[in-house]
Amino acid sequence: MVTLFAVFLLTLLVLTAIAVVQTKNLFVAVMLMGIFSLLMATVFFILDAADVALTEAAVGAGISTMLFLATLALTGEHEKPSKKGPWISGLVVAITSLILIDATFEQPYLGDPMAPVQQHVAPWYLEMTPELMDFPNVVTAVLASFRGYDTLGEVFVVLTACIGVLFILSAGPGAPNPKSPRIPTAPSVGLRHHLIPRVVGKLLIPFIVLFGLYVQFHGEYSPGGGFQAGAIIAAGMILYALLEGEKQALKVLPQSVLIGMVVGGAMLYGMVGVVGMLMGGNFLDYSVLSSNPVSGQQIGILIIEIGVGLAVCGALLAIFHAFAARRSVG
Amino acid sequence: MFYVVSIAIMLTMALALVRAFLGPSVYDRVLSVNVFGTKTTLLLAVIAFLYGRPDFLDLALAYAMINFIGILAVLKFFQVRSNQQQKNQLPGDDLNDNRD
Amino acid sequence: MTTVIDILSWVLLLAGSIFVFIGGIGTLRFPTFYTRLHAASLTDGIGTILILGGLVLQAGWTLAAFKLLAILVFLLLTGPTAAYALANAADMSGMKPEENEVSEVEK
Amino acid sequence: MEILGLYNYWAYVAVLMIGFYAVIAKSNLIKKLIGLSIFQSAVFLLYITMGKVDGGTAPIIQAGVSDQIFSNPLPQVLILTAIVVGVSTLALGLAIVVRIKESYGTIEEDQIHLLDHKS
């Protein structure tokens, strides 16, 4: 029955995707992308991926919508009709989709427990997590410990992307110039004139941050962890920036602190691995961190999740501020 | 029982989606995104019970928060854009006929 | 006792879904933006209260009930705020209710 | 349910191809990035679909409940990190679009080509 729900939602998903692509107004496309993300997250939840649904909701529907809006404010929102005919692209897409649909008939059916992907490694993870880490969330265990190398790599990708964005957006005609004072109508005033959203929003920010901390530190027991918590806290701080203006938000968390968070988070993650090596284990093997291997694993996972949370939160906020600080040119 | 509720919510989601496709003004679309977000929150809460795992209600809470922040971001976007249009004295694209 | 609570929660859930669905129809069928906003935001409020209230009765005295109440408080704070913000933004952009009505009918 | 067993894969193909079409056929750079996001989401959908097990539940072990079947945690971990990495690369792309707009005054691919050929 719930599978039928998934079928219905997937149909809506495909329709939304078509609408996103065919609309000429980019603002509308971004709004529909928000719906697309929410639908995607619901489908993930129905397909048993609670952690992924939380991430997709916080990142896809929240952060990327805001990034798109910040870009649209700088570039304009009307798509000019393309001169090149869609026929060749349509043909390429049609042929590729025929090949892919042909390939799907080789796939195991949805939920088939005998599918090859279910036979290897995953049962071992499910079996060993209670034994080695003694906490229930297998996804966190795999993320932070069994496949800790992967996650370290991802954190450094986020760090690199953040550095890239800051470099690209710190030069050029639209770059924020500290010497010239802002004109009062600049985007930095925040939503001063909207009393009700301001009051309600400011009331809710502490709870959003608190919820983010809960997601961060309860990630071993329920859906959550550093990635989700970082995104949720970043969304809360972005709400503050929206309400009170960029300047005020940067006073609370200056750009230097944010960059410190990104670098510090990534370094914290790496240092846990190095400390493990110094204590006689392998890189990112947390068992040696304490006399009891299980509590060693738990300590290691807790610390690296904090590192991930700091890095993601700092990176997303730094990127948002880099976009918001630019003036639109011509 | 939960099935009936979730089907009703999903049908409402579909109706809101049709409104998002039709427009006609951008505000209608933002409205339907908002309706869609709250309905998704409710749907998740119901499905958490349907699956017998009410500990997953965190997700619904996160959705509610993110949806609100998204709407305020849109509001801010409108404000920034109207500021820009005043500043540049551009003819400005009329918001109210975005039929596409 | 449990059957009474069960029946009560079902009644709440059913009433909530009816309200939610009516709101959905209103969002789709009403002629102007402000009327659609009216349909959506009002039924959002009552539908949320009823559905989450029904779920709270199902959950009993557990952590889940507390989380549901948190979601309820959150939605009740944010829903009307978002509706107000939207109406305000539409009004500021020069979309007046009465003009809009006329033009929409003509279209 | 047998007939619907492959529906998720078809939806994945449809979404993937819609994103692909946006990337190759649209000339607006932001539209291309939106298409890329859609494409990316389709890949996420494929992975999560492969991890689902019939009668399973999310891989978070409930205390006091035995004999539970869990869905595969591995694809979920891969996608969880991929989503966050996806948004940071998206931000990089958008930053480049902003700079292109400032340098060329447009974000339409064909006009950028024209400007490049003129100079």
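The values are calculated or read from the model by the stated rules, or taken from the named source; none is laboratory data. As the structure is a computational prediction, the values presented were derived from the model and not from experiment. Don't worry about glycine lacking a Cβ; one is built from the backbone with ideal geometry, like all the others, and counts go over all protein chains shown.
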(request) Report, by residue number, each residue of the range A:205-264 that is assigned to a helix (DSSP H, G or I) and of a type in the set (Phe, Trp, Tyr). (result) A:Phe207, A:Phe211, A:Tyr214, A:Phe217, A:Phe227, A:Tyr240
(request) Could you list, in sequence order, all residues of the range A:162-175 that are at the interface with chain D (Cβ under 7 Å from one of its Cβ atoms), over 13 Å from A:Ile259 (Cβ atoms) and either among the hydrophobic types (A, V, I, L, M, F, W, C) or surrounded by fewer than 17 Cβ atoms within 10 Å (Cβ to Cβ) (or both)? (result) A:Ile168, A:Leu169, A:Gly172, A:Pro173
(request) State which residue is nearest to the other protein chains (Cβ to nearest Cβ) when the search covers only the range D:75-114 and only residues that are without any contact (Cβ under 8 Å) to a residue 24 or more places away in the chain and touching a Pro at 6+ places or on another chain (Cβ under 9 Å). (result) D:Glu102
(request) Enumerate the pairs (first residue in the range C:39-68 and touching a residue at least 24 places away in the same chain (Cβ under 8 Å) and surrounded by fewer than 20 Cβ atoms within 10 Å (Cβ to Cβ); second residue anywhere and outside any helix (DSSP H, G or I) and among the aromatic types (Phe, Trp, Tyr)) with beta-carbon separation below 8 Å, excluding pairs fewer than 6 apart on the same chain, so at least 6 apart or on different chains. (result) none
(message) Given the criteria under 28 Å from A:Thr65 (Cβ atoms) and surrounded by fewer than 24 Cβ atoms within 10 Å (Cβ to Cβ), does D:Leu16 qualify?
(response) yes
(request) State the number of residues belonging to the range D:22-36 that are under 10 Å from the mean Cα position of the chain (by Cα) and surrounded by 23 or more Cβ atoms within 10 Å (Cβ to Cβ). (result) 2
(request) Just one of (1) crowded, with 21+ Cβ neighbours inside 10 Å; (2) in contact with a Leu (Cβ under 6 Å, 6 or more places away or on another chain); (3) not aromatic (Phe, Trp, Tyr) trips up D:Gly5, so point out which. (result) (1)
(message) Just checking: which of the helices (runs of 4 or more DSSP H) contained wholly in the range A:56-130 hold 1 or more residues that are within 9 Å of chain D (Cβ to nearest Cβ) and surrounded by fewer than 16 Cβ atoms within 10 Å (Cβ to Cβ)?
(response) A:87-104
(request) Kindly indicate which of C:Thr48, C:Thr35, C:Thr27, C:Thr43 is more than 10 Å from chain B (Cβ to nearest Cβ), assigned to a helix (DSSP H, G or I) and hydroxyl-bearing (Ser, Thr, Tyr). (result) C:Thr35
(request) Output the residue which, of all residues in the range A:32-45 that are in contact (Cβ under 8 Å) with a residue 24 or more places away in the chain and more than 9 Å from chain D (Cβ to nearest Cβ), is nearest to A:Gly224 (Cα to Cα). (result) A:Thr42
(message) When you scan the range D:3-17, do you find a residue that is within 26 Å of A:Phe105 (Cα to Cα) and part of a loop (DSSP other than H, G, I, E, B), even just one?
(response) no
(request) Evaluate the range A:69-79: report whether one residue or more is touching a residue at least 24 places away in the same chain (Cβ under 8 Å), more than 24 Å from D:Gln111 (Cβ to Cβ) and of a type outside the set (Lys, Arg). (result) no
(request) Kindly provide the set of residues from the range A:74-126 that are modelled with pLDDT of 90 or more and of a type in the set (S, T, N, Q), ordered by number. (result) A:Thr96, A:Ser97
(request) For the range A:131-140, enumerate the residues that are within 21 Å of D:Val85 (Cβ to Cβ) and either more than 7 Å from chain D (Cβ to nearest Cβ) or loosely packed, with under 15 Cβ neighbours inside 10 Å (or both). (result) A:Thr140
(request) Count, please, the residues in the range D:88-119 that happen to be more than 21 Å from D:Lys26 (Cβ to Cβ) and surrounded by 24 or more Cβ atoms within 10 Å (Cβ to Cβ). (result) 1
(message) With the requirement that a residue be surrounded by fewer than 23 Cβ atoms within 10 Å (Cβ to Cβ), under 27 Å from A:Gln248 (Cβ atoms) and away from chain D (no Cβ under 11 Å), what does the range A:277-330 give you?
(response) A:Ile306, A:Ala325
(request) State which residue pairs qualify: first residue closer than 12 Å to A:Phe36 by Cβ and inside the range A:1-21, second residue of a type outside the set (Ser, Thr, Tyr) and surrounded by fewer than 19 Cβ atoms within 10 Å (Cβ to Cβ) in any location, beta carbons under 6 Å apart, and separation of 6 or more residues or different chains. (result) A:Ala19/B:Phe21
(request) Determine whether A:Leu143 is touching a strand residue (DSSP E or B) at 6+ places or on another chain (Cβ under 7 Å) and surrounded by 15 or more Cβ atoms within 10 Å (Cβ to Cβ). (result) no
(request) Answer yes or no as to whether B:Phe56 is within 7 Å of another protein chain (Cβ to nearest Cβ), part of a helix (DSSP H, G or I), over 23 Å from C:Leu28 (Cα atoms) and in contact with a strand residue (DSSP E or B) (Cβ under 9 Å, 6 or more places away or on another chain). (result) yes
(request) Please work out if A:Leu32 is surrounded by 24 or more Cβ atoms within 10 Å (Cβ to Cβ) and in a helix (DSSP H, G or I). (result) yes
